[in-house]
Structure formats: structure tokens, C-alpha cells
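Below is one structure; the comments refer to it alone.
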Amino acid sequence: MAPAAAQEWHDVPSPDGRLKVEFAVDQGEAVYRASFRGKPIIDRSMMGFRFKDATPLEGGFTLQAANRSERDTVWEQPWGEQRLIREQSNDLAVTLAAADGRQLKIEFRVFDDGFGFRYILPGTPDKRFVISDELTQFAFAQNYRAWWIPAYREKFSEYEYARSALSAVSVVQTPFTLEGEGVALAIHEAALVDYASMNLRMIADNTRTLQADLSPWSNGDRVRGRGGLKTPWRAVLVADDAAQLANSTLILNLNEPNRLGEVSWAKPMKYIGIFWGMHIGRFTWEPGPDHGATTTRAKEYIDFAAANGIEGVLIEGWNKGWDAPQWWLNGHSRFIQTETADDFDMDAVAAYARERGVTIVGHHETGAQVRDYLTQLDPALAFYNRYGVSAIKLGYVGTRLDMTEWPDGQYAVESFQQVVEAAASRRIAIFPHEPVKDTGLRRTWPNVMSREGARGQEYNGGSPDTGNSPDHVAILPFTRMLSGPLDYTPGVFDFDYHSKRPFNRVPSTLAQQLALFVVLYSPVQMAVDLPENYVGNPAFAFICAVPTDWDRSVTLQGAIGEYVVTARKDRHSDDWFVGALTNEKERNLTLPLTFLEPGRRYEALIYADGEGADWKSAPERIAISKRIVTSTTVLDLALASGGGQAIQLRAVR
Ligand code: NOJ
Ligand code: CA
């Protein structure tokens with residue numbers, strides 16, 4: 001029997017009218033649904049909450065008020081993949097009353113590239129409660145193809161993506177990407193602060209309805225909240241196809257404006273690091289004969305950076321605490337963030353860097369010991385302040401924070417936010433590894449510049465599981481990258497690093513390693529390889545030239561897990577850069593340069609896969625060429641297996 005008709009669906013169209021979101025109180029339940037180009041994408045889906053210590057808010061509602069409004073502004077990113085972002089939406093705010101009089105408010109914002117909604121919980125800030133379940137559902141209209149990583153696993157976000165039918169999904173992290181006939185979708189969240197991360201779980205006896213599954217505290221509480229709390233935005237990215245999905249600005253638009261004001265100290269840059277040497281087993285983080293972070297090596301890296309116009313040098317393993325056996329296991333070592341290793345002289349290194357105009361990128365490994373890290377945080381930031389260090393890479397290696405809490409639960413979110421704000425107050429930018437997932441907070445706190453939260457290049461260097469598959473980097477732009485910048489660390493030039501890592505491989509050609517600088521956006525990009533492997537290689541010119549701060553970015557073509565082509569315009573010149581890459585399949589792509597300024601000539605420096613290049617047998621073969629092009633030129637890109645192409649387009653005149 002068909003359910004009784006709702007009293008009234010309040011519909012909110014997107015500004016271009018292609019997307020429609022509807023809300024109703026239907027038989028006492030708060031429900032929404034959505035359609036795109038006239039076809040349902042999400043069917044009637046429940047909203048609400050259960051509490052540990054209060055009656056649920058999951059039915060018996062009456063609608064008290066429904067107010068519409070619209071927004072249309074343009075805002076500027078201090079740094080980013082886009083300078084200007086248009087924030088245009090049609091909005092609906094509803095107030096519901098539960099049977100006992102409590103008020104639940106829900107706000108919807110519907111953009112052309114998707115929609116978001118969030119709840120404002122009843123009560124006053126002094127009224128504390130525990131959320132035992134958020135009941136938000138996503139009842140997908142079809143059994144879409146899905147791309148996902150599982151939730152609640154030991155390596156957290158550091159998995160390769162699985163592809164399956166939606167119906168095969170059990171419990172997944174977000175962004176969760178879906179594709180169907182004429183539509184690509186992703187579920188994610190925006191503005192995650194004082195709450196737990198939202199994972200998604202298939203509800204019992206269903207094959208296409210996922211429900212919010214908030215990462216719990218170790219005692220099972222989901223969120224310890226208070227009255228008036230605004231939840232993070234539940235976001236649904238909607239586009240015609242995967243390439244358009246990758247161009248979405250929805251997550252940033254659902255975040256609050258910049259609270260830090262002028263942030264010129266949060267500088268986009270390229271950096272190199274005392275890093276890859278440890279991952280490939282040449283150096284160690286811990287003290288000893290092969291210690292990586294020595295004063296001498298730091299100075300050599302600084303010299304290399306200065307000579308090549310690379311702004312920063314990351315130094316890992318510079319401090320005390322790395323010497324416990326298996327420092328990476330939970331609770332095995334205590335990292336001291338203000339004491340240097342015996343063979344590392346911070347005064348000398350900082351002075352050397354300053355004289356050569358090179359920025360030191362600091363490093364805080366916490367070993368997931370958050371409580372201890374927070375007690376050290378202020379002196380640790382003050383320590384780096386004293387040396388003029390304005391960017392720190394952080395890390396939370398371990399499976400549980402303080403041995404007990406999930407790295408995406410409320411404890412993680414709140415302690416991470418403390419670090420963001422403490423660093424901001426000292427004018428320090430951060431790039432966390434093993435982070436809480438990105439939900440666009442860089443708009444509000446632009447000192448959170450980049451983060452990991454994916455299986456990065458490090459897995460190719462030293463992971464016992466031998467590394468990533470060749471399609472990984474062709475999946476990331478449509479999944480992980482929807483959440484924000486990624487500190488992937490591209491730029492391997494030496495593919496023969498096997499003396500200590502006989503089974504590891506970089507599943508990529510050299511040209512693809514260059515393309516990653518364009519495809520995988522980060523305002524801070526670490527050229528990962530050892531400096532000696534860059535010396536004398538003409539392909540290094542691309543790394544020196546590629547910017548990390550953009551005026552405009554556009555994903556031009558792509559198919560998830562297959563290939564992608566991205567173009568970006570430099571923020572400080574008229575030059576464009578293109579990155580294209582493919583999975584294991586060699587392929588030819590046609591690239592019309594219609595994004596270039598009409599009538600203008602550009603000198604294209606093309607870094608293509610060379611004759612016979614192949615990630616397995618001949619990854620280093622590259623063909624570098626030059627030609628003049630205009631917006632009417634159509635380039636043929638020949639990509640090798642695991643290959644790619646990187647193009648610098650220098651505006652002439
Ligand atoms: C894991 C991080 O992802 C990696 O970048 C870092 O080198 C190690 N932890 C050590 O902190
Ligand atoms: Ca990591």
C-alpha cells in the first residue's frame with residue numbers, strides 16, 4: 001500500500017533549477033528527498049536523533065515555521081585552488097516541535113552543485129546531553145556504483161578505495177562517491193567541529209539506505225553535546241558526471257567565513273624534506289649511524305632548496321622520542337617537542353635557513369598521544385616561533401588516540417580543533433597527517449593548509465604491503481579530494497630504490513609523478529625524492545615551475561579509477577598548468593585548450609611519457625618538448641600504462 005500523502009512538501013530548487021530538495025513533516029516524521037534533472041536521487045529519508053538520557057527526536061513532530069531565503073555572494077580565498085568562489089543558494093529553515101514541546105530546527109542550503117542541511121538542537125548551552133544516534137538517512141533512489149573506504153578499521157583513512165554496487169556497502173567513511181546514469185553524487189560533511197565524524201552504515205534489511213553512524217567515544221556515547229548545538233552540515237554533492245563532481249565548491253561554501261583575517265603567514269609553497277630517505281630505509285628517524293635529521297644533512301637540503309627556488313625544508317626526526325623500539329606503535333614512545341636530537345643543532349640550522357631565505361617546515365609526531373601532546377603544545381609552538389618556523393607538519397601515527405579513542409570521534413575532532421586554534425594564535429600553519437578528515441575548515445581557519453587522510457606516496461616507499469595500485473591516483477580526485485587539499489608528496493624520480501625495499505614500487509611513470517603536482521591539489525606540495533635524484537634531471541624544471549596557489553582550477557575530463565585531466569591557472573601570472581594521468585591502461589586523450597585566453601599565444605612545455613615508457617618496466621622514460629599553442633589548439637595526449645603528462649603553458653607577450 002502506498003504511504004499516505006504528506007501534508008505538504010516544501011521544495012527548494014537550486015538556483016539553476018536542476019536540483020530540487022524537498023522537506024516535509026510526514027505522519028509526524030521529519031523527512032527530505034531530492035531529485036536532479038527531474039529524476040529522484042534520494043527518496044524519502046528520515047531525520048532525527050536519539051539520546052542517552054532524553055526521549056528521542058524521531059517522530060511526533062509538527063511544523064511550526066518554514067522560512068525561505070537566498071544567498072548570492074562571491075568570496076575570496078587567501079590561498080586556494082580557486083581565488084574567487086561564488087556562494088549562491090536557495091535556503092529553507094524549518095522549526096519543528098516535538099510532542100513534549102522541544103524545538104528542533106533544520107536548515108537547508110541548496111546550491112547548483114549540491115545541497116547541505118544541518119540541525120540546531122533544542123535546549124540552552126547549559127543543558128548537556130549525550131547523542132546516542134543521529135538518525136539522518138540517505139535512501140538512494142538507485143543501486144548506484146559506489147567508491148568507498150571502510151570505516152572503523154585499524155589504518156583508518158589509509159586504504160585503497162573499493163568499488164562496488166551500493167548494495168554491497170556495509171559501513172564506510174565519507175566522502176562516499178556514487179555514480180549512476182547521468183549523475184555523480186558524493187555524501188560528505190562540512191564544518192565538523194565539536195561533534196563526531198559521520199560515517200555511513202547500511203540500515204538493516206536494506207540495500208540502498210545508509211544512515212549516519214557517528215564515530216563513538218570508547219564508552220559508546222556518540223556526541224556529548226549541549227543545547228543550541230549546530231551539527232556539521234550533511235552534504236550531498238550532485239553533478240552530471242565525475243569530472244563535474246570534482247569541481248564542486250559545496251563543502252567550502254557550507255563553512256563559515258575566515259575568522260583569522262589576514263593570513264599572509266600561511267604561505268603556499270613547495271618544500272623538500274628529510275623524509276623519503278626514512279621511508280625507503282636509507283635513513284632513520286631514530287638516532288644512530290643513519291639518523292636522517294642531522295645538522296649537516298639539514299644544511300645540505302637547505303642549500304638544495306635555496307639553489308632551486310624551493311621555499312621550504314621539512315625536517316622529521318629532529319627531536320627526542322624516536323628511539324623506542326617500534327615508535328609507531330601506540331604508546332611506545334613519548335615524543336618531546338622541545339628537545340633536539342644530539343646530532344641536530346636547531347640554532348645553527350634555523351640561522352642557516354634564514355640566511356638563505358628558506359622556510360623550515362617543523363614536525364610534530366605525536367604517536368597518537370593526544371593528551372600528552374596538548375600539554376606540550378604551547379611550549380612546542382613557542383619553540384618553533386622562536387626560530388621563525390611558521391608551518392608545522394603534524395602526525396598522529398597509531399590506531400587509537402591515547403590508546404582508547406577513534407581518530408575520527410568527538411575527542412579527535414575537539415582536540416584537533418584545539419591544535420588548529422593554538423597554532424593560529426601563534427601564526428603557524430599546519431598540515432596534519434593521520435588527521436580528522438577535511439570538512440572545509442580551511443575557509444574558517446586558513447592555517448589548516450593541507451592534510452593527509454589517505455594512502456599517500458609513503459606507502460610506495462616503505463609499506464610492507466608493497467604500495468598503492470596504479471589506479472589509486474585516478475580514484476583520489478573523485479573521492480578523497482572532494483574533501484580538500486592532500487599532502488600526498490608527489491615527485492619520485494628514482495624508481496630504483498630497492499636495496500632496502502625489494503618489494504615496493506611506485507606504480508607510476510616519471511611524467512605521472514609530475515602530473516600529480518597539478519592533479520592532487522595542495523597549497524603545500526612536498527617534492528618527495530632525495531635531492532640527489534633531482535640533480536641533472538631536466539624533468540625537475542617542471543617541479544621548480546609549478547605553482548601551488550591558483551587563480552582557477554578545472555577538472556576537464558575524467559572517469560573514476562580510469563583517468564583524469566586537470567587544468568589550473570597560476571594565481572600570480574597568466575600561465576596555465578595541466579596534469580593528466582591514467583591508471584594501468586595506456587590511453588590516448590584529446591585535449592582542446594579552450595580554457596586558454598582566446599587570441600593569446602602560449603609556449604607549451606610538454607612532459608610526456610617517453611617511447612616505451614611503462615610503470616613496470618620503464619618508468620623513467622620521459623619526452624620533453626616545446627610548441628606554441630592557442631585556445632584553438634587540440635593536443636593529443638598519449639599516456640603510458642601508469643603514465644601521465646604534465647604541461648606548463650607560458651603566456652607569450
Ligand atoms: C606517518 C606520516 O604520514 C609520514 O608522513 C611521516 O613521515 C611518519 N608518520 C613519521 O611521522
Ligand atoms: Ca600516514
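Need pairs with beta-carbon distance below 6 Å; first residue assigned by TED's automatic domain parsing to the domain that holds Tyr352 and over 13 Å from Thr340 (Cβ atoms) and within the range 296-323, second aromatic (Phe, Trp, Tyr) and away from ligand 1 (no atom under 14 Å from the Cβ); sequence gap 6+ or separate chains.
Lys299/Tyr352; Ile302/Tyr352; Val313/Tyr301
Sort out which residues of the range 138-179 are open to solvent by 20 Å² or more (accessible area, probe 1.4 Å) and small (Gly, Ala, Ser), and write them in order of number.
Matches in the range 138-179: Ala141, Ala162, Ser164, Ala165, Ser167, Ala168, Ser170.
If we scan the range 381-399, do we find a residue that is within 15 Å of ligand 1 (Cβ to nearest atom), open to solvent by less than 10 Å² (accessible area, probe 1.4 Å) and of a type in the set (S, T, N, Q)?
No; the residues of the range 381-399 include none that is within 15 Å of ligand 1 (Cβ to nearest atom), open to solvent by less than 10 Å² (accessible area, probe 1.4 Å) and of a type in the set (S, T, N, Q).
So which residues in the range 42-61 are part of a strand (DSSP E or B) and in contact with a Leu (Cβ under 6 Å, 6 or more places away or on another chain)? Quick ask: steps written out before the conclusion?
The first filter runs over the range 42-61 and keeps only residues part of a strand (DSSP E or B), leaving 42-46, 49-51, 57.
Across the range 42-61, the qualifying residues are Met46, Phe49, Leu57.
Would you say Phe503 is aromatic (Phe, Trp, Tyr) and within 21 Å of His433 (Cα to Cα)?
Answer is no for this residue.
Scanning for something surrounded by fewer than 18 Cβ atoms within 10 Å (Cβ to Cβ) and among the hydrophobic types (A, V, I, L, M, F, W, C), does the range 519-526 turn up at least one residue? Show your work before the answer.
So in the range 519-526, the residues surrounded by fewer than 18 Cβ atoms within 10 Å (Cβ to Cβ) come out as none.
Looking for residues that are surrounded by fewer than 18 Cβ atoms within 10 Å (Cβ to Cβ) and among the hydrophobic types (A, V, I, L, M, F, W, C), one finds none in the range 519-526, hence no.
Within the range 453-486, count every residue that is of a type in the set (D, E, K, R), in contact with a Pro (Cβ under 9 Å, 6 or more places away or on another chain) and buried (at least 24 other Cβ atoms within 10 Å of the Cβ).
1
Just a yes or no: is a residue in the range 150-163 within 25 Å of Asn253 (Cα to Cα) and at pLDDT 95 or above?
For the range 150-163, residues within 25 Å of Asn253 (Cα to Cα) and at pLDDT 95 or above: present.
Every residue in the range 442-452 that is open to solvent by 10 Å² or more (accessible area, probe 1.4 Å) and either within 15 Å of ligand 1 (Cβ to nearest atom) or touching a strand residue (DSSP E or B) at 6+ places or on another chain (Cβ under 7 Å) (or both), please.
Once the filter is applied, which keeps residues that are open to solvent by 10 Å² or more (accessible area, probe 1.4 Å) and either within 15 Å of ligand 1 (Cβ to nearest atom) or touching a strand residue (DSSP E or B) at 6+ places or on another chain (Cβ under 7 Å) (or both), the range 442-452 yields only Arg442.
Tally up the residues in the range 217-234 that are of a type outside the set (Val, Ile, Thr), crowded, with 22+ Cβ neighbours inside 10 Å and in a loop (DSSP other than H, G, I, E, B), please.
2
Filter the range 421-478 for residues that are part of a loop (DSSP other than H, G, I, E, B), polar (S, T, N, Q) and over 15 Å from the mean Cα position of the chain (by Cα) and give the result.
Scanning the range 421-478 gives Thr444, Ser463, Thr466, Asn468, Ser469.
Six or more apart or on different chains, Cβ under 6 Å: which pairs go from a residue in the range 153-181 that's without any contact (Cβ under 8 Å) to a residue 24 or more places away in the chain to one that's aromatic (Phe, Trp, Tyr) and within 16 Å of ligand 2 (Cβ to nearest atom)? Could you list them?
From the range 153-181, no pairs qualify.
Please name all residue pairs, on different chains or six or more residues apart, with Cβ atoms under 6 Å, provided the first residue is in the range 575-602 and is surrounded by 17 or more Cβ atoms within 10 Å (Cβ to Cβ) and the second residue is among the acidic types (Asp, Glu).
Asn583/Asp471; Asn583/Glu562
With the requirement that a residue be free of Cβ contacts under 8 Å to residues at least 40 places away in the same chain and within 16 Å of ligand 2 (Cβ to nearest atom), what does the range 414-434 give you?
Phe416, Ile430, Pro432
Of the residues Arg44, Arg83, which single one is farther than 15 Å from Lys105 by Cα and under 29 Å from the mean Cα position of the chain (by Cα)?
On the way: Arg44 fails: under 29 Å from the mean Cα position of the chain (by Cα).
None of the others qualify; the one that does is Arg83.
Please go through the range 369-405 and pick out each residue that is part of a loop (DSSP other than H, G, I, E, B), more than 16 Å from ligand 2 (Cβ to nearest atom) and farther than 21 Å from Gly317 by Cβ.
Result: Asp402, Met403, Thr404.
Given the conditions (1) crowded, with 22+ Cβ neighbours inside 10 Å; (2) under 18 Å from Met481 (Cα atoms), and given that Asp609 satisfies all but one, which numbered condition is not satisfied?
(2)
The values are calculated or read from the model by the stated rules, or taken from the named source; none is laboratory data. Note that the coordinates shown come from a computational prediction; the quantities given were computed from them, not determined experimentally. Every residue, glycine as well, gets a Cβ built from its backbone with ideal geometry; the counts of neighbours run over all protein chains shown. Keep in mind that these areas ignore ligands, DNA and RNA; they rest on the heavy atoms of the full protein, side chains included. Shrake-Rupley method; radii C 1.70, N 1.55, O 1.52, S 1.80 Å.
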